[in-house]
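The values are calculated or read from the model by the stated rules, or taken from the named source; none is laboratory data. In this text, all values refer to a predicted model and were calculated from it rather than measured experimentally. For neighbour counting, all protein chains shown are included, and Cβ atoms are generated from backbone atoms with ideal geometry for every residue, glycine included. Just so you know, the surface numbers come from the protein's heavy atoms only, side chains and all, with ligands and any DNA or RNA stripped out. Shrake-Rupley method; radii C 1.70, N 1.55, O 1.52, S 1.80 Å.
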Amino acid sequence: MARDIASARRWLHDKAEGLPLATRISLLTTAAVGITLAFVSMIVYVSVKAEFTSSLDENLQRRAVAAVQAGIATEWEIRGIPQSALLATDVKMTVITYGEPDPRLADYVGPDEEEVASGKRTHSLRTADIDGTPYRVVAVYAGSGRALVVAQSMESMDAALDRLGVVLWAVGIFGVLIAGLLGSVIASGGLRPVRRLTTAVEHVARTGELRPIAVHGADDLGRLTVAYNQMMVALDASRERERQLVADAGHELRTPLTSLKTNIELLGQAETRGGMPQPARLELINDVGAQVDELATLVGDLVELARDEGTPDPEPIDLSEVVATAVERVQRRAPGIAFEVDTEPWIVVGESRTLERAVTNLLDNAAKWSPPLGEVRVRLRDGTLTVEDAGPGINDEDLPHVFERFYRSRDARRLPGSGLGLAIVAQAAYRHHGQVSAGHASSGGALMTLRIPGRPGEPEGRGLSADPQ
């Protein structure tokens, strides 16, 4: 039975492939209701048949016992009523004697009745098919090797069961039709939000317009609609950031490219006019080299900032080692700055290159703003990295914006830089589920704080001081 049901389900599933979702739901609902009604009808039919048979058995057995108690077996013997009387009465009844079979009663008397007459059993119940008609035969022990046999036709019960079967079939067919109709109506109404979502997605694919749709209800489809709207908002914000990045990058690239073009044109014009003084020519070439370096740095920062695929191949990293490597690199670029470093092991899971770039940018920013022979203090405690410079500090109105892309304060515009270094720090913190903030140091300079979640490493008493060379 279970295999048949599984086969039917697979057949329905295969046939439903390619049909509209509403039709599939309606068909599956109809099939489920049909199977349920079939089981219920079968249970009802079997239960009613068992109840009819049980009631008939109880009635016959009660009559037989009452007849024995009333002495009908004795009367039968005294009056000499023949055993063939079983065949002549409405409720067929006779008394049989063990060991004295009557050929005329062969269809009614069998081994069960003989055992009752012999006293081996107190009663028996069975169904006998006599001349094509089912009978229910009951035998009750009547004493002295005799048994009272009562038989009643089951035609009326079978007719009632046939009528019940017809009613159950009619109810089942009617129920399946109603289930199909209601399933179609419910599927059509229930899938209306899905059709709205489909229309909205097709509109986005056709026009590129990220437009939210109205939310109806708080059920699963309502939650799906809310999730779709949130996705549209996120996509729109991402596209807006992309447009802003392209616009800002174009604006930032325009200045070094224009200056580079102007200097190259000056060199070309000077060559056509017989050249220019050597000192002026060297100064112009140095300026071109500086502009190329600025352009390369800006392009590198843009590429780094555009990487939005998350942290590839994360691995355990000791953040204190990343800080030490970054300090050595920045120290070579800023030999006039002293770095006071105090770190402790802190294990994080992430990408070493991304974290090193972020820490390097923080240190470069501190070195850029510190005066000659100034000191930068670097601390790493419990996953919190602080970088404190000796510069003039950050104005209060600039604090909320220092980690934005291409943001440069009025004082920063006179210094080299792309305005992307601290934005890269913020992106690295986000990728590693950390936080970054800017504030005022107790010495009056800027205080940059980077927090990365992790766990303490093995204590090694790490700490170093990098003095200017």
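Ordered by 1.4 Å accessible area with all protein chains kept, 92, 368 run largest first as 368, 92.
Between the beta carbons of residue 155 and residue 220, assuming R0 = 56 Å, the FRET efficiency works out to 0.50 to the nearest 0.05.
Each of residue 213 and residue 340 was given a label point 7 Å from its Cα along the Cα-to-Cβ line. The distance between the two points is 6.3 nm. Note that the stretch 41-51 has calculated 3J(HN,Hα) couplings of 4, 5, 5, 5, 4, 5, 5, 5, 5, 5, 5 Hz, one per residue in order, obtained from phi through the Karplus relation 6.51 cos²θ - 1.76 cosθ + 1.60 (θ = phi - 60°); glycine and proline are x. As a calculated quantity, the FRET efficiency between residue 262 and residue 401 at R0 = 30 Å, using C-beta atoms, amounts to about 0.45. Note on residue 273 and residue 167: the model spin-label points, each 7 Å out from Cα along the C-beta direction, lie 11.6 nm apart. Accessible-area rank, largest first, for 333, 223, 24: 223, 333, 24, with all protein chains present and a 1.4 angstrom probe.
Measuring r between the beta carbons of residue 59 and residue 106 and using R0 = 25 Å, the FRET efficiency lands at 0.50.
Extension gain, residue 188 to residue 443: 0.36 nm times the residue separation minus the Cα-Cα distance gives 84.8 nm. Note on residue 23 and residue 198: the extension gain reaches 61.3 nm, defined as 0.36 nm multiplied by sequence separation minus the Cα-Cα distance. Annotation for residue 239 and residue 47: the two label points, set 7 Å from Cα along the Cα-Cβ direction, are 6.0 nm apart. When peptides 349-362, 26-39, 105-118 are ranked by their average number of other Cβ atoms within 10 Å per residue, the highest-first order is 349-362, 105-118, 26-39.
Working ranking of peptides 176-187, 320-331 by packing, defined as the average number of other Cβ atoms within 10 Å per residue, highest first, is 320-331, 176-187. Multiplying the residue separation of residue 115 and residue 382 by 0.36 nm and removing their Cα-Cα distance gives an extension gain of 86.7 nm. Could you list which residues have their amide H under 5 Å from that of residue 92, counting only those 5 or more apart in sequence or on another chain, with H placed in the peptide plane? Placed amide hydrogens put 151 under 5 Å from residue 92.
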